[in-house]
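Undergrad: Sharing a structure below in structure tokens format, with a few things to ask.
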Amino acid sequence: MLTPQGLKGKQYRITGNSYPRLGRPPKRSRRVLALIGAVLALALIGLGGVQLWDIFSGKGKSASAQACATPSGKPLAAPTEAAPTAPGSATAPIDPKAVPQPAAVTVNVYNATAKAGLAARTAEELKKRGFTIGKVGNAPAELDKKVPGTAQVIAGAAGAGASTLVGSVIAGATSTADARTDTTVDFVIGDSYNALLDETQAAAALALATKPVPAPSSTGSC
């Protein structure tokens, strides 16, 4: 005698190949399953609501900023483009309108090397380019044999444009400022100097030195 589950305690005798037809599971089991399904559905709805709240409340932006953080934990800065400068110059690009014509620029040419006559030859080349030549001679003691590069271009604040123009005619020149109030420029020849750039190269260098700097972008991605 067997009492299969769902037959409400009734006993049936199983003979041959005939089996009693089982009834539906108890209603209590169906209620438990329905309750579990409802709880899972509510949990999913609640999770979706939390994510939407984070997005609309701005918390999602914080998560994005953390994703863009450096290994030190600091957010990455917005990408910017490096400011172009004249060859060897540490100064920022200058307004093209502030660059005078060569004839308006007085250049003092000084030789800081042991090569005799270099200042005179360089002054002649600058004169051919249209510059007005001032003093020509050996460099002062504080610069003599102390300019390792091609040249050092020195001017005051009023001669910033003139300094940019002079610096564009020689590759690798460095530009420095002093306290002079006029627009004259000192061209101090260094140990690595060989010759001035040709006019095409000088024009390209001047265009680079006066190229406008694009404004930094306020947005960016990792």
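The values are calculated or read from the model by the stated rules, or taken from the named source; none is laboratory data. Not measured: the values here are computed from a predicted model. Cβ: placed from backbone, ideal geometry, glycine included. Neighbour counts: every protein chain shown. Surface accessibility is based on the protein's heavy atoms, side chains included, excluding ligands, DNA and RNA. Shrake-Rupley method; radii C 1.70, N 1.55, O 1.52, S 1.80 Å.
Undergrad: List the residues, sorted by chain then number, that are 5 or more residues from GLY134 or on another chain and whose placed amide H is less than 5 Å from its amide H.
TA: HN-HN under 5 Å from GLY134: VAL107, ASN108, VAL109.
Undergrad: Arrange the residues ARG180, ARG31 by how much accessible surface each exposes, largest first, with a 1.4 angstrom probe.
TA: If we order ARG180, ARG31 from most to least accessible, we get ARG31, ARG180.
Undergrad: Now, a different point. Among THR164, VAL105, GLY137, which residue has its Cα positioned farthest towards the positive end of the charge dipole of the range 88-172, with +1 placed on the Cβ of Lys and Arg, -1 on the Cβ of Asp and Glu, and the dipole taken about the Cα centre?
TA: Among THR164, VAL105, GLY137, the one farthest towards the positive end of the dipole of the range 88-172 is GLY137.
Undergrad: Given a 1.4 Å probe and heavy atoms of the protein chains only, how would you sort ASP95, ASP178, largest accessible area at the top?
TA: Sorted by accessible area, descending: ASP95, ASP178.
Undergrad: In addition: Please get the size of the charge dipole for the range 97-178, origin at its Cα centre, with Cβ charges of +1 on Lys and Arg and -1 on Asp and Glu, quoted in debye to the nearest 20.
TA: Here the range 97-178 has a charge dipole of around 200 debye.
Undergrad: Let me ask something else about it. Between ARG129 and LEU33, 0.36 nm times their residue separation minus their Cα-Cα distance comes to what?
TA: Going from the current span to full extension adds 25.1 nm.
Undergrad: Taking 0.36 nm per residue of separation and subtracting the Cα-Cα distance, what length does fully extending ASN138 through ALA116 add?
TA: Extending this stretch completely gives an extra 7.0 nm.
Undergrad: Accessible area per residue of the range 110-196 at 1.4 Å probe, in Å²?
TA: 45
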